[in-house]
Amino acid sequence: MTSAVSPARVAGGLTELWSPRVIGELDDAYIKVAKIHGTLAWHSHEHEDEMFLVLKGRLRIEMESANVELREGDMYVVPKGVRHNPVADEECLVMLIERKSTLHTGNVITKKTRSLDEQLRPIGA
């Protein structure tokens with residue numbers, strides 16, 4: 001990559017909800033952005049932590065033990081193995097940092113689940 005990237009601008013330009021797109025790599029992790037609204041799915045990532053950073057809007061991460069409310073600029077790391085369900089009551093832009101091995105919705109497959117190939121598509125494609 002030879003130019004700066006604005007995660008908020010890229011996420012804001014996405015047309016699909018709940019369809020993360022890779023905007024960078026950091027060692028064995030992908031940096032992703034997504035535009036979200038509504039509920040994703042209860043799932044977990046058995047071997048990977050997952051970092052959420054709210055770029056715009058609000059996000060609630062529901063977990064069996066408690067919920068975490070994130071506002072613009074807030075971040076939270078869901079520990080590996082913890083079942084969680086991201087929920088955005090209004091449109092929200094997020095940045096995620098996940099290991100390259102992390103499956104979008106863990107072992108749960110829904111209509112919103114995106115493959116790694118889909119997440120690696122060039123922006124605008």
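A short reminder: the numbers here are calculations on the coordinates, not readings from a lab. This is a predicted model, so every value here is computed, not measured. Neighbour counts run over all protein chains shown; Cβ positions are idealised from the backbone, glycine included.
In percent, what relative contact order does the stretch 7-109 have, based on Cα pairs under 8 Å that are 6 or more apart in sequence? Present the calculation step by step, with values, prior to reporting the outcome.
Working: 260 pairs, mean separation 36.5, N = 103.
The value is 35 percent.
The trypsin sites (Lys or Arg not before Pro) of the stretch 22-125 that meet both conditions, a loop assignment by DSSP and at most 15 other Cβ atoms within 10 Å of the site Cβ, are Lys80, Arg83, Lys100, Lys111.
Of the GluC sites (Glu not before Pro) found in the stretch 1-105, those that fall in a DSSP loop while having at most 16 other beta-carbon atoms within 10 Å are Glu16, Glu46, Glu64, Glu72. Could you tell me the center-to-center distance, by alpha carbons, between the stretch 21-42 and the stretch 58-117 in angstrom? For the stretch 21-42 versus the stretch 58-117, the Cα centre distance is 9 Å.
Seen from all sides and averaged, what is the projected area of the convex hull of the Cα atoms in the chain, in nm²? Before the final figure, lay out each step's value.
On the way: hull surface 28.9 nm².
The Cα convex hull of the chain, projected and averaged over all directions, gives 7.2 nm².
Among all lysine pairs in the stretch 7-109 that are eight or more places apart or on different chains, how many have alpha carbons less than 15 angstrom apart?
On the way: Lys32/Lys56; Lys32/Lys100; Lys35/Lys56; Lys80/Lys100.
Summing the qualifying lysine pairs gives 4.
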